[in-house]
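Enquirer: Dropping a structure here in structure tokens format, bear with me for questions.
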């Protein structure tokens, strides 16, 4: 008769760092931001050494190259940190919102809906005499070339801003909150859902709004719209389990707003746009110098986008796939 071999004793600190689903969420977040800080320092040193941002100070015109360097660099920093965490946590990188599953279809659909939604808002402002068109500022090859450059720049804006609050951090924070919910209610069938939406409200609404308060010319309606937009984007994550739809929508919305229609975005104008426009009437209705995102009409527009998400995106992801390994 053979006796069972004794199980190796765990180090007393093991449970402090490791839980049932691997490295505890709090430590994961701290380590993730340590990587972000390190990569950000290296990136800023490289930018200064190569003089990549020469002539692009805080008050310089917002050019597509400036957006490319800032948002592209920031996305690379966060994505690389998340990739390292995926190796440490032994998870697929795609589980943080960038899975290759149906990515192209969701991305293209997001592009189409982003362009359509912003155009609907612009059309509403024009029809109610709250926005006036002043002509075309670019023609021919110049218009096409600059439009393509701005589209690339805004794609990187979409990647960075979506991954910032709805990528690795959303997944990991929801994973941690899920464990807390299960401690309170061990048999709760809704632990994943509760964790997902608590995290979404904190990151995609509250934090997303706070990060936009520093934008020049921002208003109360504009900040409120940012929160509603954040919840709209996270709703697409809930439905699909990925960020691809939101990235496409975000990029197309910003591109149409800043380049195609030439309106302000949070009070800022880009250098070079296709159409010239100016707001008229009450700033509450027109958005004033903030742009269409400062108009009260942006709220029902985003509500229609949520309806479109509900109708066109079948539930195939959401909390279950997003808060478990």
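Enquirer: Only residues that are in a helix (DSSP H, G or I) and either surrounded by fewer than 19 Cβ atoms within 10 Å (Cβ to Cβ) or under 16 Å from the mean Cα position of the chain (by Cα) (or both): list them for the stretch 213-232, please.
Expert: Answer for the stretch 213-232, where residues must be in a helix (DSSP H, G or I) and either surrounded by fewer than 19 Cβ atoms within 10 Å (Cβ to Cβ) or under 16 Å from the mean Cα position of the chain (by Cα) (or both): 220, 223, 224, 225, 226, 227, 228, 229, 230, 231, 232.
Enquirer: Given (1) surrounded by 14 or more Cβ atoms within 10 Å (Cβ to Cβ); (2) at pLDDT 95 or above; (3) not in a helix (DSSP H, G or I), where does residue 138 come up short, assuming only one miss?
Expert: So the condition that residue 138 fails would be (2).
Enquirer: Before we move on, is residue 66 modelled with pLDDT of 90 or more and at positive phi?
Expert: Answer is no for this residue.
Enquirer: Just checking, does the stretch 159-169 include any residue being surrounded by 15 or more Cβ atoms within 10 Å (Cβ to Cβ) and within 14 Å of residue 257 (Cα to Cα)?
Expert: Within the stretch 159-169 (the criterion being surrounded by 15 or more Cβ atoms within 10 Å (Cβ to Cβ) and within 14 Å of residue 257 (Cα to Cα)), the answer is no, since none of the residues qualifies.
Enquirer: Would a scan of the stretch 44-62 turn up a residue that is in contact with a helix residue (DSSP H, G or I) (Cβ under 6 Å, 6 or more places away or on another chain), crowded, with 16+ Cβ neighbours inside 10 Å and either more than 28 Å from residue 269 (Cβ to Cβ) or at pLDDT 90 or above (or both)?
Expert: no
The values are calculated or read from the model by the stated rules, or taken from the named source; none is laboratory data. Please read these numbers as outputs of a predicted model, since none were measured by experiment. We place every Cβ from the backbone using ideal geometry, glycine too, and count neighbours over all the protein chains shown.
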